[in-house]
Amino acid sequence: MRAPAVVTACLLGLLCSRASADAIDTNVRDLSGGAGAAYKIRLAAALALSKSHDGRAVIAISGALEHDDDATIRRVAALALVKMVDEHTEADALELALAALQSSAATDPDAKVRDAAERTAKMVAGYAAQKKKQAAAPAGPRGSSKPSGNNPAVFVNVDAVTDQTKKLVGDSATRLTTIVRQGVERTGYATSWPGGLPTQAELGSARAFIVASTVKTLEITKSGRQTQIACTVAIRVAPWGGKDGGERWEANKAASASGSAKATTGNGTKEVDAGVRDCIEAVGEDVTSRQVVPFLKKLATAI
């Protein structure tokens, strides 16, 4: 069977204000092209990324600061991080930015780059120290930034899959739920709560979100000895108030992402069923890793 080709749409809601989540990926690729990409393309990509606070953009700009061959682009990268990094920047991106700035301030062959990097590093170091202080703070009582006891600081309720097509068979829906849950768990966020789903009171000061997947379309077309499978999966993210509080669609805190894929397989029942599973799993994994998880991280680290 041919591997599914996935096309992912943008998040509707907060992230769609950037026109398309894929624009960041495109600019990251253009900027990291090194000598293989024209100077003007790399510069345009750096300037575009400098307008974003997304962790992917911060990491890409940090990489350009350390590795781009052109001093102008390295200087643009150093200055860009002043605007891009703030108290909400994800810890991994913040650490990479600070390391790149400190390295460039000490070793870059261009004096202007060294100066820009040194000035920016002082500002970024303040955010890094603040982030470490927050991470080291002990769990506090209700109303503090971390919940008390052994409860997780961030809880994600990965809801069961909704099949709008009524065409899924076997364990396809369960497997999609597992794919999404595993993607969320790789962030370190909890997807299970002691004793089952918590109430609003049990959540306490924990930040809680719901992630729910829906199979929107599933087209199965037989042609000769082959079967063409096309699927679309949507995944929504929203704040969650516990099993008695439910989902809350709040401005700038809720979004929906969708993606599509196509696969080719044989005409046998088992082959078609396997093709359907592969199709929706490919979309689920892609949308979760490229859009849902970054959005969750932005929400969970927001003050």
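Criterion first (of a type in the set (D, E, K, R), farther than 13 Å from residue 120 by Cβ and touching a residue at least 40 places away in the same chain (Cβ under 8 Å)) does residue 54 satisfy it? Criteria met by residue 54.
Scanning the stretch 148-196 for residues that are of a type in the set (Val, Ile, Thr), surrounded by fewer than 18 Cβ atoms within 10 Å (Cβ to Cβ) and not in a loop (DSSP other than H, G, I, E, B) gives 162, 174, 178.
The residues listed here are 263, 254; of these, the one that is surrounded by 15 or more Cβ atoms within 10 Å (Cβ to Cβ), touching a Leu at 6+ places or on another chain (Cβ under 9 Å), of a type in the set (A, V, I, L, M) and modelled with pLDDT under 90 is 254.
Of all residues in the stretch 170-193, those that are at pLDDT below 90 and β-branched (Val, Ile, Thr) total 1.
The values are calculated or read from the model by the stated rules, or taken from the named source; none is laboratory data. From a predicted model like this one, the values you see are computed outputs, not experimental measurements. Positions of Cβ are generated from backbone atoms using ideal geometry, with glycine treated the same way; all protein chains shown enter the neighbour counts.
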